[in-house]
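The values are calculated or read from the model by the stated rules, or taken from the named source; none is laboratory data. As the structure is a computational prediction, the values presented were derived from the model and not from experiment. Here the Cβ positions follow ideal geometry from the backbone for every residue, glycine too, while neighbour counts run over all protein chains shown. We work out accessible area using only protein heavy atoms, side chains counted, and drop any ligands, DNA or RNA first. Shrake-Rupley method; radii C 1.70, N 1.55, O 1.52, S 1.80 Å.
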Amino acid sequence: MIFRKPLEGIDRPQMDADVTIVGGGPAGMACALRLSQLIDAHNTRFPDAPLTKDNIYVLEKAREVGQHQLSGAVLDPRSMDELLPGWRDEAPLDAQVDHESFYFLTEKKSYRAPLMPPPMMDHGNYVISINRFVKWLGEKVEQAGITLFTGFAGSELKFDGNCVTGLITDDKGVDKTGQKKSNFEPGYELKSKVTVLAEGTRGSLTKQLAQKFDLYKDRNPQVYGVGVKELWEVPSGRIAKGEVILTLGWPLTTKEYGGSWMYGSKDNLVSLGYVTSLDYADPRTDPQRVLQEWKKHPLIAHLLEGGKMIRYGAKSVPYGGWFSLPPLAGDGWMIVGDSAGFLNSQRLKGIHLAIKSGMLAAETAFSALVANKFDAEKLQEYKLAVDASWIKDELWEVRNFHQGFEGGLIAGLIHTGLQQMTGGRGLHRVYPAHAGHTRMEHLDQLPENGGARAQLLGRAKGDGKLTFDKLTDLYHSGTKHEEDQPSHLVIADTNICNTKCVTEFGNPCQNFCPANVYEMEEATGADAAKDAPLGKRIHLNPSNCVHCKTCDIMDPYEIITWVPPEGGGGPNYDGM
Ligand code: SF4
């Protein structure tokens, strides 16, 4: 198997940039827009010393802006009010939340909370499709005079000593064997004074940076969840436009962390999904199956009866909070949005924080352009701005929230209560966190039939109406990649997959991937005895990948690295 990496020893076209923003999601778009506003204001004030926007670029790996964006999503409007006055009149807002409920589910029963827990309240917030919202933001960025390159991914960061000097974009037209095709186009070497990493959760360049500088060495490790989502069209009157239903419990047991959402949108559309925390013990846990089992609950099945699933997708989210934020800036670089981990896990909300972090990074980038100074000392202003902003106020209050659930649901609820009484502290100043993949147990430590977790394990079969198998769901994500290219799922040692992992964990990649990318197939052929002594061999279907990054996060041996495929490939989310 050949894995994707930038070709070596070739001449690359060079481009110079003042600021390169890698990733056209909410954080990247907000960064570009705010930077443009600041430059406009500067040029009005100092017409004799104008700054140019010509060398500011946003790179987006999707073919079109917004195609790879997925979220619940309910938007807290706070940061948008700061970014674009009057935005409500133009933005694609599907509904305003005016009706909320919260349930605890057991297998057959549901218990409604008499009051909505205050941190979960969404009253007045907006139900949106994040990919349409980001598409609209992208139009604003282009109207503001910033160049947006779609279909371009960042493949490799460039360094000069400890300074990030830019990046290489993806090579196009490389075949499965790593050879140039007739349409080969080398990736650009983009030399940039400032590189802003806005790649979303578990960004691949952010990971390179974190490894090079050991960014998490004195922090809690980042921890994650994966949200698996379907968009449904339901008969009129089932769920009101602007209605929010949240649940905790079934099908997860009290040992796992996670919960569901249902958001009533316009035109009888319902966004629904289940976020499973990526720190479960049983390697057979399948988050796509968790969603299917949840839909079978009487409370949910009743609401969906007679409806139709029309879209599917998945995305990971960073749960770690304040103590899992890496250093946010260094020589020539800043990290924003989900790439840094700006998400309030108690509210399960990050879009407003992503937008605000992008704005603050833009203010620092602007100040750096004016001062013509791009070193760590200058870009550290971004970290200081985050500390002085409402981002810190919001995340500080929930700084120990997710870690409190490491001991299970009951302990987590007790810790949450204690933390609320002590301004977020609880029993310890810093609750420790453990990377989720380290909490996975070997198969021989677990009951063969799954015990109380049986409903979470293995593939969903699906009835084709209410529940679906993975491939049927995947079909509704619109995912497409160039087939003839090296695998963008890079496995450092497939030997481990074919031997140790078979016996220790039963190849959990087959379960946690929501897109059926990983399969263990019967090993045949001349080399079978050598490379697959247990009779099974890993097989990849990279074209199925919906870019959720779960494999990069949850692989127990940490041998899988997600890198961007040829630009333009990936899901084609619409209305998600
Ligand atoms: Fe997600 Fe990895 Fe599967 Fe792609 S291969 S869909 S990133 S788990």
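Among the residues of the range 522-565, those identified as more than 27 Å from GLN222 (Cα to Cα), within 16 Å of the ligand (Cβ to nearest atom) and not polar (S, T, N, Q) are ILE538, HIS539. Open to solvent by 40 Å² or more (accessible area, probe 1.4 Å) and not assigned by TED's automatic domain parsing to the domain that holds THR479: does that describe GLN67? When the stated conditions are applied, GLN67 does not pass them.
Inside the range 307-330, residues that are within 18 Å of LYS217 (Cα to Cα), away from the ligand (no atom under 16 Å from the Cβ) and in contact with a Lys or Arg (Cβ under 9 Å, 6 or more places away or on another chain) make up a count of 10.
Of the residues screened, ILE414 is one that is touching a Gly at 6+ places or on another chain (Cβ under 9 Å), modelled with pLDDT of 95 or more and not assigned by TED's automatic domain parsing to the domain that holds LYS158.
Taken over the range 190-239, residues that are outside any helix (DSSP H, G or I), open to solvent by 40 Å² or more (accessible area, probe 1.4 Å) and more than 28 Å from TRP261 (Cβ to Cβ) amount to 7.
Scanning the range 510-521 for residues that are more than 11 Å from the ligand (Cβ to nearest atom) and either under 13 Å from MET554 (Cα atoms) or out of contact with any strand residue (DSSP E or B) (no Cβ under 7 Å at 6 or more places or on another chain) (or both) turns up nothing. Taking the conditions (1) in contact with a Leu (Cβ under 8 Å, 6 or more places away or on another chain); (2) in a helix (DSSP H, G or I) in turn, ASP18 satisfies each one other than (2). Here GLY72 fulfils each of the conditions (1) more than 24 Å from ASP338 (Cα to Cα); (2) modelled with pLDDT under 95 apart from (1).
Looking only at strands (runs of 3 or more DSSP E) that lie completely in the range 469-543, which have at least 2 residues being in contact (Cβ under 8 Å) with a residue 24 or more places away in the chain?
On the way: elements: 489-491, 518-522, 536-540.
Answer list for the range 469-543: 489-491, 536-540.
Do we find that GLY450 is touching a strand residue (DSSP E or B) at 6+ places or on another chain (Cβ under 9 Å) and either closer than 23 Å to ASP555 by Cα or open to solvent by 50 Å² or more (accessible area, probe 1.4 Å) (or both) in this structure? Answer is yes for this residue. Annotation note: Cβ proximity below 6 Å between a residue of the range 314-328 that is touching a residue at least 12 places away in the same chain (Cβ under 8 Å) and a residue that is of a type in the set (Asp, Glu) and within 15 Å of the ligand (Cβ to nearest atom) (sequence gap 6+ or interchain) occurs for PRO318/ASP338. Does VAL502 fit the bill of being in contact with a strand residue (DSSP E or B) (Cβ under 6 Å, 6 or more places away or on another chain), within 15 Å of the ligand (Cβ to nearest atom) and among the aliphatic types (A, V, I, L, M)? Judged against the criteria, VAL502 is not a match. Scanning the range 544-569 for residues that are part of a strand (DSSP E or B) and on the phi > 0 side of the Ramachandran plot yields a total of 1. Within the range 425-441, is there a residue that is out of contact with any strand residue (DSSP E or B) (no Cβ under 7 Å at 6 or more places or on another chain), in contact (Cβ under 8 Å) with a residue 24 or more places away in the chain, open to solvent by 50 Å² or more (accessible area, probe 1.4 Å) and over 30 Å from VAL398 (Cα atoms)? Checking the range 425-441: not a single residue is out of contact with any strand residue (DSSP E or B) (no Cβ under 7 Å at 6 or more places or on another chain), in contact (Cβ under 8 Å) with a residue 24 or more places away in the chain, open to solvent by 50 Å² or more (accessible area, probe 1.4 Å) and over 30 Å from VAL398 (Cα atoms). Restricting the range 403-417 to residues that are in contact (Cβ under 8 Å) with a residue 12 or more places away in the chain and open to solvent by 10 Å² or more (accessible area, probe 1.4 Å) leaves a set whose member that is farthest from GLN222 (Cα to Cα) is ILE410. In the set (1) polar (S, T, N, Q); (2) in contact with a strand residue (DSSP E or B) (Cβ under 6 Å, 6 or more places away or on another chain); (3) at pLDDT below 95, the condition left unmet by SER339 is number (3). Filtering the range 255-271 to residues that are out of contact with any Leu (no Cβ under 8 Å at 6 or more places or on another chain) and open to solvent by less than 10 Å² (accessible area, probe 1.4 Å) leaves only GLY264. From the list ALA368, ALA362, ALA340, the lone residue that is open to solvent by less than 10 Å² (accessible area, probe 1.4 Å) and within 15 Å of the chain's Cα centre (by Cα) is ALA340.
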